[in-house]
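The values are calculated or read from the model by the stated rules, or taken from the named source; none is laboratory data. It should be emphasised that the depicted structure is a prediction, and the values quoted were computed from it without experimental measurement. Cβ placement follows ideal geometry from the backbone for every residue including glycine, while neighbour counts extend to all protein chains displayed.
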Amino acid sequence: MNPLPLEVEVIESAPFAENCYVLSGFQGSDCVVIDPGTEPEKILQFLQSQGLQPLAVLNTHGHADHIAGNALLKQRWPQAVLMIGRLDEPKLQDPVANLSAGFGFQVVSPPADRVLEDGDVLRFGPLELEVFYTPGHSQGHVVFLCRQTEPWVVFGGDVLFAGGVGRVDFPDSDPQALWHSIREVMFRWPDSTRVFPGHGPPTTIGQEKRTNPFVGQGALGDF
Ligand SMILES: [Zn+2]
């Protein structure tokens, strides 16, 4: 089977340098938006300039810097299906839980149209994204894996970064769980798998296995 054509555009939002990803090229003008951040006008502008129509807005987790653009996208494209992991769904409309209140602004997202469970497979025409539950940074964190490209790609939110891992100092963080999510879930995928994280540059599973100081070969035991 030929690999699925998939274009990935990254749109970074200040001030948290958060990465929003726009997936397109798999079917006509359809696209999927992952983690629209605090500068959604930039995303809107990109979608409009490319003539793209979002079928869905996916959130890896409910922190403000990853959900702040949900409202504008849903306002412009109400039919786009808003999805987030079940345990992070309450953060969408709670500025304290989504951490925006702590930064002095109030992010309230529209409610989810669908809550995601571990093992769900999301189908957008020919594109399939598999949902993996990856708690640790946030209790209801999920990542989205596509096995149809060569190499595979994962949209990883704040779990595994190039040379780093997600923060575990929030009220619902769990360092053990983050370790498990990375070592027992993500590190089981092929080394060639490309990781598009919520912050910073892309990396690969193999690169992080070899060199990540927190979870790679040199890291022993717990955080
Ligand atoms: Zn986060």
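Pairs meeting the criteria (first residue in the stretch 155-176 and closer than 21 Å to ALA97 by Cα, second residue hydroxyl-bearing (Ser, Thr, Tyr) and at pLDDT 95 or above, beta carbons under 6 Å, at least 6 apart or on different chains) are GLY157/THR60; VAL159/THR134; VAL159/SER181. All of (1) in a helix (DSSP H, G or I); (2) closer than 26 Å to ARG183 by Cα hold for GLY62 with one exception: (1). Here the condition is being at pLDDT 95 or above and under 29 Å from ASP191 (Cβ atoms); of PRO111, PRO78, PRO135, PRO95, it holds for PRO135 alone.
Among residues of the stretch 179-193 that are closer than 15 Å to THR203 by Cα, those with a Cβ under 7 angstrom from a residue that is among the aromatic types (Phe, Trp, Tyr), sequence gap 6+ or separate chain, pair up as TRP189/TRP152; PRO190/TRP152; THR193/TRP152.
Conditions tested, residue by residue: (1) of a type in the set (D, E, K, R); (2) out of contact with any strand residue (DSSP E or B) (no Cβ under 6 Å at 6 or more places or on another chain); (3) under 20 Å from ILE67 (Cα atoms).
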site: LEU145; (1), (2), (3): no, no, yes
site: THR149; (1), (2), (3): no, yes, no
site: ASP172; (1), (2), (3): yes, yes, yes
site: GLU184; (1), (2), (3): yes, yes, no
site: PHE196; (1), (2), (3): no, no, yes
site: ILE205; (1), (2), (3): no, yes, no
site: PHE214; (1), (2), (3): no, no, no
site: ALA219; (1), (2), (3): no, yes, no
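The numbered conditions (1) touching a Phe, Trp or Tyr at 6+ places or on another chain (Cβ under 7 Å); (2) over 25 Å from GLY200 (Cα atoms); (3) part of a strand (DSSP E or B) are all true for LEU122 except (1). Which members of the stretch 35-49 meet the condition of being of a type in the set (S, T, N, Q) and either assigned to a strand (DSSP E or B) or in contact with a strand residue (DSSP E or B) (Cβ under 7 Å, 6 or more places away or on another chain) (or both)? Within the stretch 35-49, just THR38 meets the criteria. For the residues THR211, THR203, THR149, the requirement of being away from the ligand (no atom under 16 Å from the Cβ), of a type in the set (S, T, N, Q) and crowded, with 21+ Cβ neighbours inside 10 Å singles out THR203.
Considering each residue of the stretch 96-116, count those that are in a loop (DSSP other than H, G, I, E, B), crowded, with 21+ Cβ neighbours inside 10 Å and more than 12 Å from the ligand (Cβ to nearest atom), and give that number. The qualifying residues number 3.
If you go through the stretch 66-78, how many residues are surrounded by fewer than 24 Cβ atoms within 10 Å (Cβ to Cβ) and touching a residue at least 12 places away in the same chain (Cβ under 8 Å)?
Looking only at that region, the number is 6.
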